[in-house]
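> One structure coming up, written as C-alpha cells, with questions to follow.
The values are calculated or read from the model by the stated rules, or taken from the named source; none is laboratory data. Only a predicted model underlies this, so the values are computations on that prediction, with no experimental measurement involved. Using ideal geometry, Cβ is built from the backbone for each residue, glycine included, and neighbour counts are taken over all protein chains shown.
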C-alpha cells in the first residue's frame with residue numbers, strides 16, 4: 001500500500017514489522033547507518049565536535065544555491081522573454097513543451113534535494129548536540 005506519510009512513518013512501520021525479530025534492530029540498515037554516524041562522532045574530541053557543530057549550523061541555515069536558482073531563473077526568463085518566446089514559439093509548440101517539462105522536472109528534484117540536505121544537516125546537528133550534552137553530564 002502506498003503511504004504519503006513520509007519517511008519517518010515508513011521507518012516506524014519497518015520497526016514495528018521487525019520488532020519480533022530483534023528489539024535492538026541491528027539488522028536494519030537504517031539503524032546501522034545511524035549507529036555508524038554516532039560511533040564516528042563519539043570518537044571525536046569535544047572541541048572538534050563544537051567546530052563541526054558550528055559548520056553544520058552554517059550549512060543548515062545557509063540559503064544554498066538551489067533556492068537562489070529557483071528564484072533567479074524566472075527573473076532571468078522574464079528579462080529575456082521576447083527572445084525566448086521567439087525561440088520557443090518560432091518552431092512550433094514542441095520546444096515550449098520540452099522546455100516546460102525539463103524546467104519543472106529540474107525544479108521538482110532540486111527542491112527535494114534542498115530539503116533532504118536540510119534534513120540531514122538537522123540530523124547531524126542533533127546527534128552532535130546529544131553527544132556534547134552527554135559528555136557535559138559525565139564531565140568529559
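> Has the range 44-59 got at least one residue that is surrounded by 13 or more Cβ atoms within 10 Å (Cβ to Cβ), touching a helix residue (DSSP H, G or I) at 6+ places or on another chain (Cβ under 7 Å), in contact (Cβ under 8 Å) with a residue 12 or more places away in the chain and closer than 30 Å to residue 17 by Cβ?
The answer is no, given that none of the residues of the range 44-59 is surrounded by 13 or more Cβ atoms within 10 Å (Cβ to Cβ), touching a helix residue (DSSP H, G or I) at 6+ places or on another chain (Cβ under 7 Å), in contact (Cβ under 8 Å) with a residue 12 or more places away in the chain and closer than 30 Å to residue 17 by Cβ.
> Is it the case, given these coordinates, that residue 84 is over 17 Å from residue 130 (Cα atoms), touching a residue at least 12 places away in the same chain (Cβ under 8 Å) and not assigned by TED's automatic domain parsing to the domain that holds residue 15? Working first, answer last.
On the way: over 17 Å from residue 130 (Cα atoms): yes; touching a residue at least 12 places away in the same chain (Cβ under 8 Å): no; not assigned by TED's automatic domain parsing to the domain that holds residue 15: yes.
Here the answer is no, as residue 84 does not meet what is asked.
> Would you check which residues across the range 102-121 are exposed (fewer than 13 other Cβ atoms within 10 Å of the Cβ) and in contact (Cβ under 8 Å) with a residue 40 or more places away in the chain and list them?
113
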